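Enquirer: Please find one structure pasted underneath; my questions will follow.
The values are calculated or read from the model by the stated rules, or taken from the named source; none is laboratory data. Owing to the predicted nature of the structure, the values given are computational and were not obtained by experimental measurement. Using ideal geometry, Cβ is built from the backbone for each residue, glycine included, and neighbour counts are taken over all protein chains shown. Each accessible area value is taken on the protein alone, full model and side chains, heavy atoms only, with ligands, DNA and RNA left out. Shrake-Rupley method; radii C 1.70, N 1.55, O 1.52, S 1.80 Å.
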Amino acid sequence: MKQTLTDANFPRTADHRVYHLGLRPGEVTNRIITVGSPSRASGIATHLDAEPKPFVLSSERGFTTITGRFRGVPVSIVSIGMGYPNMDFFVREVRECISGDMYIVRLGSCGALVEVPVGSVVLPSSSVAINRNYDFDFVDPERSSEPAYRISKPAFADAHLHEEVRKAIEAVKPVDSKSHIVAGTTNASADSFYSSQGRQTSFPDRNADLIARLKELDLNISTLEMETFHLYHLAHCWGAGHSEPPSPTIPLARGPVRPVVSQPPVEGDATLERPLAARDTTIKAAAVHLVYASRTSQDFITPSEVTALEDWAGLAVLTALSNIEIPYDVSRSMFYSVASSHPECWDFFNYL
């Protein structure tokens with residue numbers, strides 16, 4: 001990000017690029033798969049339509065976005081890296097680039113706490129957060145009355161999106177695949193790969209009983225990873241009500257819009273005066289976890305198994321998202337507003 005930034009509260013460039021993802025309205029769609037690694041994003045993108053050629057942007061902060069069409073439906077694949085902070089960057093910054101509802105599916109790797117073979121697929125309908133308790137005395141634990149790790153109440157996936165993804169996963173699964181499909185369980189998202197997931201290292205993490213504590217919660221916790229809880233949490237918080245988006249704002253188009261399912265607002269509609277993210281919108285979230293490791297048997301997936309698993313799981317999530325109907329083509333509506341003052345954005349019309 002080498003352009004001049006404005007507004008330290010929510011930094012953006014003069015042409016409305018957000019700070020960390022480097023995106024501006026018109027370069028990301030309402031249907032998004034988020035993954036951890038650029039290679040996984042590129043693999044999934046092989047299923048996108050050949051025309052128009054997908055748009056690809058890699059930011060200086062390590063985020064990669066691929067936007068194109070799948071069976072004619074606009075979709076984006078965004079690689080965000082690992083952990084709560086990167087999920088936070090992604091959801092908040094993409095929200096300010098999109099008008100209308102957002103549908104986000106996290107497709108990522110995990111460790112399994114249930115007895116399924118590596119290479120299985122788990123679809124958690126809820127998630128809890130595991131956070132290292134910085135008030136705990138890790139040097140002298142006898143001095144602490146608090147637990148070393150805090151476990152939150154669950155946050156939940158969107159039930160409809162979860163079910164659409166489940167149906168697509170079962171439909172796309174290859175007939176010769178040995179993968180088990182497990183749905184409706186609870187995930188645990190940790191704030192670190194090692195200490196908060198109960199792994200033993202040379203550090204005095206006081207986490208030997210952590211996995212046992214998770215199992216004692218009687219929440220059917222099946223997977224451990226680092227992002228899903230924060231996605232579910234932010235989606236829930238947005239649905240509970242949101243404030244006006246940060247300045248500078250971009251008004252919605254007052255020019256023509258193209259309907260997809262139902263008629264969009266017409267000229268003079270008061271909603272057109274409101275900024276992009278301030279309309280009555282929702283964020284729908286779900287997750288697909290690919291079991292790379294078993295935390296019970298200590299088995300680990302092979303590279304060839306990873307390639308095959310990511311390929312059909314990615315195809316399934318694309319299929320599920322393409323089946324989601326949005327009331328009207330908000331991507332196009334948003335696009336016109338930006339292109340009116342930035343003619344160079346017309347190059348992106350083919351993606352929307």
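Enquirer: Answer with yes or no whether GLY119 is on the phi > 0 side of the Ramachandran plot and open to solvent by less than 40 Å² (accessible area, probe 1.4 Å).
Expert: Here the answer is yes, as GLY119 does meet what is asked.
Enquirer: When you go through (1) open to solvent by 40 Å² or more (accessible area, probe 1.4 Å); (2) closer than 30 Å to THR281 by Cα; (3) at pLDDT 95 or above one by one for VAL139, which number turns out not to apply?
Expert: Against the list (1) open to solvent by 40 Å² or more (accessible area, probe 1.4 Å); (2) closer than 30 Å to THR281 by Cα; (3) at pLDDT 95 or above, VAL139 comes up short only on (2).
Enquirer: Please work out if ARG206 is of a type in the set (Lys, Arg) and open to solvent by 70 Å² or more (accessible area, probe 1.4 Å). Give the steps one after another, and end with the answer.
Expert: Numbers: of a type in the set (Lys, Arg): yes; open to solvent by 70 Å² or more (accessible area, probe 1.4 Å): yes.
Taking the combined requirement at face value, the residue satisfies it.
Enquirer: May I ask you to list the residues in segment 284-323 that are more than 30 Å from ILE211 (Cβ to Cβ) and either open to solvent by less than 10 Å² (accessible area, probe 1.4 Å) or modelled with pLDDT under 95 (or both)?
Expert: Taking segment 284-323 first, the residues more than 30 Å from ILE211 (Cβ to Cβ) are 284, 311, 315, 318-323.
Hits for segment 284-323 are LEU318, ALA320, LEU321.
Enquirer: Pull up segment 209-255, narrow it to residues that are open to solvent by 70 Å² or more (accessible area, probe 1.4 Å) and in contact with an Asp or Glu (Cβ under 8 Å, 6 or more places away or on another chain), then point me to the one that is modelled with the highest pLDDT.
Expert: Within segment 209-255, the match that is modelled with the highest pLDDT is SER247.
Enquirer: Also: For segment 1-39, enumerate the residues that are open to solvent by less than 10 Å² (accessible area, probe 1.4 Å), among the aliphatic types (A, V, I, L, M) and not in a strand (DSSP E or B).
Expert: LEU21, LEU23, VAL28, listed by residue number.
Enquirer: Could you tell me which residue of segment 186-203 is modelled with the lowest pLDDT, considering only residues that are over 27 Å from PHE90 (Cα atoms) and open to solvent by 70 Å² or more (accessible area, probe 1.4 Å)?
Expert: GLN200
Enquirer: Continuing with the same structure: Consider segment 142-169. How many of its residues are open to solvent by less than 20 Å² (accessible area, probe 1.4 Å) and aromatic (Phe, Trp, Tyr)?
Expert: Adding up the residues that qualify gives 1.
Enquirer: Would you check which residues across segment 73-122 are assigned to a loop (DSSP other than H, G, I, E, B) and under 29 Å from ALA212 (Cα atoms) and list them?
Expert: In the first step, residues of segment 73-122 are kept if they are assigned to a loop (DSSP other than H, G, I, E, B); the result is 80-83, 96-101, 113-120.
Within segment 73-122, GLY81, MET82, GLY83, LEU113, VAL114, GLU115, VAL116, PRO117, VAL118, GLY119, SER120 qualify.
Enquirer: Now for a separate question. Filter segment 130-161 down to residues that are closer than 20 Å to ARG199 by Cα and polar (S, T, N, Q) and give me whichever is farthest from the chain's Cα centre (by Cα).
Expert: Taking the candidates together, the pick is ASN133.
Enquirer: Could you say whether any residue in segment 23-32 is charged (D, E, K, R), at pLDDT below 95 and more than 13 Å from the chain's Cα centre (by Cα)?
Expert: yes
Enquirer: Just to be sure, is ARG143 touching a Ser or Thr at 6+ places or on another chain (Cβ under 9 Å) and not aliphatic (A, V, I, L, M)? Working first, answer last.
Expert: Numbers: touching a Ser or Thr at 6+ places or on another chain (Cβ under 9 Å): no; not aliphatic (A, V, I, L, M): yes.
Considered against the rule, which asks whether it is touching a Ser or Thr at 6+ places or on another chain (Cβ under 9 Å) and not aliphatic (A, V, I, L, M), ARG143 comes out as no.
Enquirer: Follow-up question, since we're still on this one. Residue check, ILE44 against (1) surrounded by fewer than 22 Cβ atoms within 10 Å (Cβ to Cβ); (2) within 21 Å of GLU225 (Cα to Cα); (3) in contact with a Gly (Cβ under 7 Å, 6 or more places away or on another chain), all met but one. Which one?
Expert: For ILE44, the failing item is (1).
Enquirer: How many residues are open to solvent by 10 Å² or more (accessible area, probe 1.4 Å), farther than 21 Å from ALA190 by Cα, in contact (Cβ under 8 Å) with a residue 60 or more places away in the chain and touching a strand residue (DSSP E or B) at 6+ places or on another chain (Cβ under 8 Å) if we restrict to segment 64-88?
Expert: Final tally of qualifying residues: 3.
Enquirer: Which of the residues that make up segment 170-185 are in contact (Cβ under 8 Å) with a residue 40 or more places away in the chain and either open to solvent by 80 Å² or more (accessible area, probe 1.4 Å) or touching a strand residue (DSSP E or B) at 6+ places or on another chain (Cβ under 8 Å) (or both)?
Expert: Residues of segment 170-185 that are in contact (Cβ under 8 Å) with a residue 40 or more places away in the chain, as a first pass: 171-174, 177-185.
Those that are in contact (Cβ under 8 Å) with a residue 40 or more places away in the chain and either open to solvent by 80 Å² or more (accessible area, probe 1.4 Å) or touching a strand residue (DSSP E or B) at 6+ places or on another chain (Cβ under 8 Å) (or both): ALA171, LYS173, LYS178, SER179, HIS180, ILE181, VAL182, ALA183, GLY184, THR185.
Enquirer: Give the residue that is most open to solvent (accessible area, probe 1.4 Å), with candidates limited to residues of segment 47-63 that are of a type in the set (Gly, Ala, Ser) and not in a strand (DSSP E or B). If you could, list the steps in order and put the result at the bottom.
Expert: Keep residues of segment 47-63 that are of a type in the set (Gly, Ala, Ser), which gives 50, 58-59, 62.
Now restrict to residues that are not in a strand (DSSP E or B): 50, 59, 62.
Details: ALA50: 80, SER59: 21, GLY62: 49 Å².
So, considering only residues that are of a type in the set (Gly, Ala, Ser) and not in a strand (DSSP E or B), the one most open to solvent (accessible area, probe 1.4 Å) is ALA50.
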